[in-house]
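These notes are about the structure you will find just below.
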Amino acid sequence: MKMTAAQRAEMMRSAPISRVIPRLAIPTIFSMLITNIYNIADTYFVSQISTSASGAVGVIFSAMAIIQAIAFTIGMGSGTNVSRALGAGNVDEAQTYCSVGFFTAVGTGLVITILGNLSINGLVRFLGATETIAPYARSYAMYIFYAAPFMMGSLVLNNLLRFQGLAMYGMIGITSGGILNMLLDPLLIFGFRMGIAGAAIATAISQAISFIILLLQCTLHKDAITITPRRFKPTAKMYGRILYNGFPSLGRQGIASVSTILLNNAAGVYGDPAIAAMSICSRFIMFVNSTVIGFGQGFQPVCGFCYGAGKYKRVRESFWFCVKVSTVILLVLGAISFAFAGPIVTVFRREDPEVIRIGTLALRLQLSTIPLWGFIVMSNMFTQSIGYGVRSTIISIARQGLFLIPMLLILPSVFGLLGIQMAQPIADVLTLGLTIVIVTGVLRQMKAMPDREDSGQDKAAVPES
């Protein structure tokens, strides 16, 4: 049954945590899974072309990660402010943040399209492409850059809908594009014999379709905040708040792209099979972790809304509920994937035993620490949603920045290829220790904050649709 905006607000404020978070999380988990399934499908179909083509996807993935990092910075930054504004009863401010976030993202995407294609030759080499991978990487990157405005617009719209408690609308747009991508991949790559360019074109078309559907969801549904140029009234203060709240996403994904570039360059010493193997491993690990990220995205609207409404005890309860559930999910998925690591890598590149050998060990090493991500991911989302931007940023950059980058610079010189394979799990353990220290302090502070009593203003925080 469709809920009014006021009913959604009451659900966020008082419905049982064990019901409201899964209700909001299921669409986001589904969206994340579909997104990662079509990322895996991209890797699978391209891997059938050659090992060098498979490596090219891994190389350009770092460029896509930068685009996504900027989009998530804008989307999470504006979305967090939307959620907290709605919780505090300031609907007008929430509407302004929606339009500012959306139009800023699309404009930034256009700039990336122009600059990316103008510098494409030097860029693919900088990202770690070898002589044999570079031609494939250029063909793939060109269309990815053309899709940047749609990619960024889609990610921001999805986040804005999610932070309004309308994750189902976002799921429709994201999954539609994902399913279309999976259908177009084999058709364009093999049917029309476009090779790796076909995979990139499939991604570009799918991103454009998702963008259109998501924009229609905001425009046609009365319970969603409408995106309109009239509301595009940015101020320096607004951008400051968007960047402050979104910076953890930039740190998390921006640093991830830097570490991926270092990983590709380090693996390149051992040839195209090493780059391809680490790329396959990274895509599969992202798929497993997407369930937890999706669950955490169901937690964030509740966290931000309740924090804005002064329901601090409910925020803490929501956090611990999500940590427990996500850790159990990762334990189960990690154990199953560990047992079948060899066959998983073989599916992608069965013709190359070196890719299978390198990828199987790397995958098992990373799966051994994946249960730690439950606490790490939820801590990152928790601190970001309540506006603890500095501490959230530290957590977000720790795993693939503060710890992984030094590991990639030090371990290969000592252990060779094994050092590359075990760099991420070591970084995970160190990140957990840092996260425990940071979040324990935040929870202690919040425990000392008394809950704000409900008022009429609070209950009228969101208008009836």
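Brief remarks follow.
- Residue ID - farthest from Val57 (Cα to Cα), chosen from residues in region 327-378 that are among the polar types (S, T, N, Q) and in contact (Cβ under 8 Å) with a residue 24 or more places away in the chain: Thr327
- Residue count for region 209-221, restricted to those that are open to solvent by 20 Å² or more (accessible area, probe 1.4 Å) and of a type outside the set (Phe, Trp, Tyr): 8
- Some residue of region 209-226 being on the phi > 0 side of the Ramachandran plot and either touching a residue at least 12 places away in the same chain (Cβ under 8 Å) or in a helix (DSSP H, G or I) (or both): no
Each row is one residue, and each column tells you yes or no for (1) open to solvent by 10 Å² or more (accessible area, probe 1.4 Å); (2) of a type in the set (A, V, I, L, M); (3) out of contact with any helix residue (DSSP H, G or I) (no Cβ under 9 Å at 6 or more places or on another chain).
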{"position": "Tyr44", "(1), (2), (3)": "yes, no, no"}
{"position": "Ser47", "(1), (2), (3)": "no, no, no"}
{"position": "Thr51", "(1), (2), (3)": "yes, no, no"}
{"position": "Gly55", "(1), (2), (3)": "no, no, no"}
{"position": "Phe61", "(1), (2), (3)": "yes, no, no"}
{"position": "Val82", "(1), (2), (3)": "no, yes, no"}
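- Qualifying residue in region 66-77 (condition: open to solvent by 30 Å² or more (accessible area, probe 1.4 Å), farther than 22 Å from Tyr239 by Cα and of a type in the set (Val, Ile, Thr)): no
- For the condition in contact (Cβ under 8 Å) with a residue 60 or more places away in the chain and surrounded by fewer than 22 Cβ atoms within 10 Å (Cβ to Cβ), Gly195 qualifies.
- Checking each residue in region 1-49 for being small (Gly, Ala, Ser) and touching a residue at least 40 places away in the same chain (Cβ under 8 Å) picks out Ala5, Ala6, Ala9, Ser18, Ala25, Ser31, Ala41, Ser47.
- Criterion applied to Val355, Val414, Val325, Val429 was being of a type in the set (Val, Ile, Thr) and open to solvent by less than 40 Å² (accessible area, probe 1.4 Å), and the one residue passing it is Val355.
- Checking the stated criteria, Gly128 turns out to be open to solvent by less than 10 Å² (accessible area, probe 1.4 Å) and not in a helix (DSSP H, G or I).
- Among the residues making up region 1-23, those that are out of contact with any Ser or Thr (no Cβ under 7 Å at 6 or more places or on another chain), assigned to a helix (DSSP H, G or I), open to solvent by 10 Å² or more (accessible area, probe 1.4 Å) and not small (Gly, Ala, Ser) are Gln7, Arg8, Glu10, Met11, Arg13, Arg19, Pro22, Arg23.
- Out of Ala398, Ala427, sole residue that is among the hydrophobic types (A, V, I, L, M, F, W, C), farther than 30 Å from Val91 by Cα, under 20 Å from the mean Cα position of the chain (by Cα) and at pLDDT below 95: Ala398
- The set of residues in region 384-408 that are out of contact with any helix residue (DSSP H, G or I) (no Cβ under 7 Å at 6 or more places or on another chain) and under 13 Å from Gln424 (Cα atoms) comprises Leu402, Pro406.
- With respect to the conditions (1) open to solvent by 10 Å² or more (accessible area, probe 1.4 Å); (2) modelled with pLDDT under 95; (3) more than 27 Å from Thr132 (Cα to Cα), Met286 lacks only one, and its number is (3).
- Among (1) within 23 Å of the chain's Cα centre (by Cα); (2) outside any helix (DSSP H, G or I) - the single one Met151 does not satisfy: (2)
- Residue in region 251-272 that is assigned to a helix (DSSP H, G or I), more than 27 Å from Arg138 (Cα to Cα) and touching a residue at least 40 places away in the same chain (Cβ under 8 Å) present: no
- Taking residues in region 155-184 that are farther than 15 Å from Gln68 by Cβ and among the aliphatic types (A, V, I, L, M), and partners anywhere that are assigned to a helix (DSSP H, G or I) and open to solvent by 30 Å² or more (accessible area, probe 1.4 Å), the pairs with Cβ atoms closer than 6 Å and at least 6 places apart or on different chains are Met171/Phe30; Leu180/Ile209.
The values are calculated or read from the model by the stated rules, or taken from the named source; none is laboratory data. Note that the structure is a prediction, hence the values are computed from the model and not measured. So basically every Cβ, Gly included, is an ideal-geometry build from the backbone, and we count neighbours across all protein chains shown. Surface accessibility is based on the protein's heavy atoms, side chains included, excluding ligands, DNA and RNA. Shrake-Rupley method; radii C 1.70, N 1.55, O 1.52, S 1.80 Å.
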